[in-house]
Amino acid sequence: MSEIAARSASGLALVLAILGALFLGSPVWAILCSSVALVSLFEYYSMLSRSYHVSRGIGYGAAALILLLTSTGGNERVIVPVLAFSVFLVFLVEIVRRHVTGASDIVKNAGGTISGLLYVVLPWGFLIMLRDLPWGLYLLVALFTCTWSADVGAYLTGSMWGKTPLCPAVSPKKTFEGFLGGLAGALLCGGALSFLWNTRPLPVLLIALVCGTFGQMGDLAESLLKRESGVKDSGTIIPGHGGMLDRFDSILISSVLVFLAFGVW
């Protein structure tokens, strides 16, 4: 019961923090997103570092620059050169390591360092940029509430009726019934938001569909990462939930797709 109480209290605090920062907008929203992104990146690199060397300093420096560019409305085209130059810096690090110690791991180091920026930091950067759109508040409220509804729907449906394993080699507790329940929860939330806002249902239902499908796949992706790293949770910063990456794993891929659908064109 104490674990349930801690999980509920921390979950409610996160919901209030996200919604409050969303309504306040910049710079509060940018600060919150940047903070979550950097903590999540720390957790990601910590898991990878259990198996091989990761150039964390290069990753953190590139992450800070990317988040600064997205937060201040800078030239986002600089992000691609930043990623390319970061790869080159990792190569230089491995050259020095090989020269000094006789050992190097250039492919894993470069892949691990840059994948953290692509998997963790850029999605939060997209969330910062989405908030600055004229309709950004509605997009992000739909994105987060549909994701949370999918989580609740998947948990309740899977607990009561889950029998068919979805991907037991990655996450033994997840079921196909739970996946369908999560999709239904996201779509119901999207429909309710569309009715509440008196707006066209298609854009909101599209976000709900993304959250109910790809969002749940994002959860599986992080489960695979933890399984390969040999850890139960990505961190311990959130009581009852684990790390930031554990709590927001479903948001990462969904933010990319929502930005691609609504923020690029």
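The values are calculated or read from the model by the stated rules, or taken from the named source; none is laboratory data. Every value quoted in this text rests on a predicted model; they were computed, and no experiment measured them. Heads up, the Cβs are rebuilt from the backbone with ideal geometry, glycines too, and the neighbour counts pull from every protein chain shown.
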Looking across the range 237-265 at residues that are surrounded by fewer than 22 Cβ atoms within 10 Å (Cβ to Cβ) and part of a loop (DSSP other than H, G, I, E, B), the single one that is modelled with the highest pLDDT is 237
When the residues of the range 142-179 are narrowed to those that are among the polar types (S, T, N, Q) and surrounded by 15 or more Cβ atoms within 10 Å (Cβ to Cβ), which ends up modelled with the lowest pLDDT? 171
Of the residues that sit in the range 73-82 and are loosely packed, with under 15 Cβ neighbours inside 10 Å and touching a residue at least 24 places away in the same chain (Cβ under 8 Å), which one is nearest to the chain's Cα centre (by Cα)? 76
With the checklist (1) of a type outside the set (A, V, I, L, M, F, W, C); (2) surrounded by 15 or more Cβ atoms within 10 Å (Cβ to Cβ); (3) more than 25 Å from residue 76 (Cα to Cα) in hand, flag the one item residue 125 doesn't pass. (3)
Residue selected from the range 58-113 under the condition in a loop (DSSP other than H, G, I, E, B) and farther than 20 Å from residue 46 by Cβ, by the criterion modelled with the lowest pLDDT: 74
Would you mind stating whether residue 218 is assigned to a helix (DSSP H, G or I) and closer than 29 Å to residue 50 by Cα? yes
For residue 50, all conditions in the list (1) crowded, with 18+ Cβ neighbours inside 10 Å; (2) of a type in the set (D, E, K, R); (3) in a loop (DSSP other than H, G, I, E, B) hold save one; what is the number of the exception? (1)
Only one residue in 182, 191 is of a type in the set (Gly, Ala, Ser) and either surrounded by 21 or more Cβ atoms within 10 Å (Cβ to Cβ) or part of a loop (DSSP other than H, G, I, E, B) (or both). Which one? 182
Taking the range 223-236 and keeping residues in a loop (DSSP other than H, G, I, E, B), in contact with a helix residue (DSSP H, G or I) (Cβ under 7 Å, 6 or more places away or on another chain) and either crowded, with 19+ Cβ neighbours inside 10 Å or of a type in the set (S, T, N, Q) (or both) leaves 234, 235
Among (1) in the same structural domain as residue 252 (by TED's automatic domain parsing); (2) in contact (Cβ under 8 Å) with a residue 24 or more places away in the chain; (3) crowded, with 18+ Cβ neighbours inside 10 Å; (4) farther than 15 Å from residue 218 by Cβ, residue 109 falls short only on (1)
Is there a residue in the range 91-103 that is of a type in the set (Gly, Ala, Ser) and surrounded by 15 or more Cβ atoms within 10 Å (Cβ to Cβ)? no
Within the range 53-66, considering residues that are among the hydrophobic types (A, V, I, L, M, F, W, C) and crowded, with 23+ Cβ neighbours inside 10 Å, the one farthest from residue 91 (Cα to Cα): 66
Determine whether the range 166-177 contains at least one residue that is outside the structural domain of residue 34 (by TED's automatic domain parsing) and in a helix (DSSP H, G or I). yes
